Amino acid sequence: MQTALTNRLEGPSFYALAGIGALISLLGLGAALYMETSGHHVTGMNNQVFWGLPHVFAIFLIVAASGVLNVASIGTVFGKKAYKSRGPLSGLLAITMLAAGLFVIMLDLGRADRLVIAMTHVNWTSVFGWNMVLYPVFFGLVGLYVWMLMDRKMYAYSKPVGVAAFIWRLVMTTGTGSIFGFVVARQAYHSAVIAPMFIIMSFAWGLAAFLLFQSAMYKWHGAELHESIRKRLNGLLGVFIAAVFYFVLVYHLTNIYYAKQTDFEQFILLSGGIFPQLFWGGFVVLGTIVPLLLLFVPSMQRSAGAGTAAALLTIVGGLCFLYVFIIGGQAYPLDMFPGMEVKSTFFDGHIDNYVPSMPEILLSVGGFGVAFLLTLIAVRVLPFMPQDDIAKLQASGALHD
Amino acid sequence: MSQPQDKSRRNFVGTAAVAGAGLGTLALAPGLHLIQVSEANTPSQGASGKVRWGMLIDTTKCASGCDACVKACNTENGINETLKDARQGSQWIRKIDLKNPKTGQEHSLPMLCQHCAHPPCVDVCPTGASMKRADGIVLVDRHTCIGCRYCMLACPYKARSLVHLPLTNQNPEVPRGQGCVESCTFCVQRVDKGLKPACVESCPEGAMLFGDLNDPASEIAQRIANEKTTQVRGDLKLNLGVRYQGI
């Protein structure tokens, strides 16, 4: 039987949480305004590392936004009943996280005031240009999808719209990966494996974000996730984390295989200071090994908090990976004259020591604040709380398929 | 859901709707202003597709420690701002010193936008602000550059700079803008008047030769046809407008 849940997210507790979300968002907005009026010299970015911490957070949010929709797709497109009640929350998070990612990346532009120009002057050979179609259509499709999922009269149409949204999200993340994959100039990028790697990363990061927000919602409602559903979601997260590790392994092994890239790999994996530290400590240990242990070692997986902790660590690992990938990829100098020692007044041949400034940190974290605030308001307004009819699911065998 | 909760939700939605409408009204004003800015852009005219401007740099004549070309470029293009962090300053042209660690052989050369025939910066620019003129000169339209820096990621030569701070005392012929990306223009304002780029004119050793690569009778075309020249990162097959000798 489905039991009515009491929403504790009302009155003071809602406004307190919304206040925190709004404060973090406003601090990010203020930081962006400061950067916009002063110029980017107030950031730690420069003409070698020109995509800094805001890009790390923005790209994380954009990639995870696409992946978080998977939960809805598994229910609607692939017919897994245990996921169906999670579809609306999944779609909501996809919209709010993409909005938050765009909030950060747009406000980090040198000319953030020229957003209209970005929308009216599109160069179709640019992957960034494609985004002018990819993102708005994603918003539209997912919005429509959430409506179909939440309105009983429209539910019959949810499958075709769900299929379209699923395909579109794959195209969108292929685009995000291709931003780097098509860049021929740099050792870190220009690889066909980057687009599929970003897709599998979106699966893991999106599901991790979903599990975190879902666990918060269950707490607010004083409810507990049924063990069989918890195990199922945790198991899926574990598979995605392992798949991400496989793709990252292939990406680095491919680079190591090319003799001209080995110096770069030596730098990023061993000698590059903060970058190997974040790669091994942040991505491999905290973001991969520990979550896999939490999710698959029987004594650990029984703990109710193991999935939430694993999800949190997956997000930390994802941010560490992107920091190494984006910042490390720029910090390593361009190899214009192979085999030569290079120096110049523009720091050719030098490894850049980028350190993010406070405005960048505030803008980056502000993105998480925006995602949280938008989602919080939406779950206050509409019934997004996933509710499972366990007896019905068990009777249909849905918890065992 | 119980009745009181529904009422609470309705009240909340009502308040949120009023607040949203207020914010929406505020957002309209800057939007209208932006549309006016974008419509103010007019396309450039006059470059001929029969010409392809190029440069040949003889590194055997280029002295280490000499930066006459850099100074001339900065003067001509009004690059005069000083930043605490030198990495944030614009450098349209810079001197690079090379040393072969095995042989000890040394070279010095100016590095600038290579004015590729297939420029990656133009491919990746989301708004088309990065563009190649009919005569091969790669430029940035200051009116449509949004400062996304994707072109800087795509450029194999580190030839582009973001303007990191507000600018004063600009050369009216060379508009620059805070938050926009910029790079060497081959001194297009001079070339269009039949003059050579400032760096070429300033080189005390005559190491830089400027001319039309498409004109078989031009000195630059003849030297490229008859002498060994190098394209930096020739492996990328970008067909560069700038060629080097001696490296």
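Bear in mind that the values in this text are calculations on the coordinates, not laboratory data. These numbers were taken from a predicted model, which means no experiment stands behind them. No Cβ is skipped: glycine too gets one built from the backbone with ideal geometry, and neighbour counts run over all protein chains shown.
In this entry, region A:37-139 is assigned a mean projected area of 8.1 nm², taken as a quarter of its C-alpha convex hull surface. Here is how the number arises for the protein assembly as shown: DSSP H runs of 4 or more residues each give -39500 (n - 2.57), the sum is divided by the residue count, and the result at 222 nm is -16000 deg cm²/dmol. 3J(HN,Hα) along region A:60-68, derived from phi through the Karplus expression 6.51 cos²θ - 1.76 cosθ + 1.60 where θ = phi - 60°, amounts to 4, 5, 5, 5, 5, 4, 5, x, 5 Hz, with x in place of Gly and Pro.
Taking the Cα centre of region B:53-245 as origin and assigning +1 to Lys and Arg Cβ atoms and -1 to Asp and Glu Cβ atoms, the resulting dipole is close to 480 debye.
Computed from backbone phi, the HN-Hα couplings of region B:52-58 come to 10, 6, x, 9, 10, 10, 8 Hz, rounded to whole numbers (Karplus: 6.51 cos²θ - 1.76 cosθ + 1.60, θ = phi - 60°; Gly and Pro given as x). Shielding by partners for peptide A:33-44, expressed as the average number of C-beta atoms from other protein chains within 10 Å of each residue's C-beta, is 4.
Rg over Rh for region A:85-183 works out to 1.03, using Cα positions for both radii and the Kirkwood form for Rh.
Counting only Cα atoms, region B:53-245 measures 44, 36, 33 Å along its principal axes, largest extent leading. Just so you know, the Rg over Rh for region A:136-238 is 1.08, from Cα atoms, with Rh as the Kirkwood radius. Extending 7 Å from the Cα toward the beta-carbon at both A:F78 and B:A68 defines two label points whose distance is 6.9 nm.
Electrostatic tally near B:V163: other residues with Cβ closer than 12 Å to its Cβ, Lys and Arg +1, Asp and Glu -1, net +3. Charged side chains reduced to their Cβ positions (Lys and Arg at +1, Asp and Glu at -1) give chain A a dipole of some 1300 debye around its Cα centre. FRET efficiency for the pair B:N171 and A:V133, taken as 1/(1 + (r/R0)^6) with r the Cβ-Cβ distance and R0 = 41 Å, rounds to 0.60.
For the pair B:N239 and B:L195, label points projected 7 Å from Cα toward Cβ lie 3.1 nm apart. For the protein assembly as shown, the spherically averaged projection of the C-alpha convex hull amounts to 31.0 nm².
Over region A:44-352, the fraction of Cα-Cα pairs per 20 Å bin, rounded to whole percents and listed from the shortest bin up, is 32, 56, 13, 0.
Net charge in the neighbourhood of B:H118 (other residues with Cβ under 11 Å of its Cβ; Lys, Arg +1, Asp, Glu -1) is +1. The simple Förster model, with R0 at 60 Å and r as the Cβ-Cβ distance, assigns A:L382 and B:K61 a FRET efficiency of 0.25. The mean sequence distance of close C-alpha pairs (under 8 Å, at least 6 residues apart), as a share of the length of region B:105-247, puts its relative contact order at 22 percent.
Sorted on the mean count of surrounding Cβ atoms within 10 Å across their residues, most packed first, peptides A:264-273, A:196-205, A:98-107 read A:196-205, A:98-107, A:264-273. Site pair A:A242 and B:E106 shows an inter-label distance of 5.8 nm when each label is modelled 7 Å from Cα along Cα→Cβ. The local environment of A:V56, defined by Cβ-Cβ distances under 13 Å, has a net charge of -2 under the rule Lys, Arg +1 and Asp, Glu -1. The mean count of C-beta atoms from other chains within 10 Å of the C-beta of residues in A:178-187, rounded to a whole number, is 4. Peptide B:153-161 is shielded by partner chain Cβ atoms: per residue, an average of 6 of them sit within 10 Å of its Cβ.
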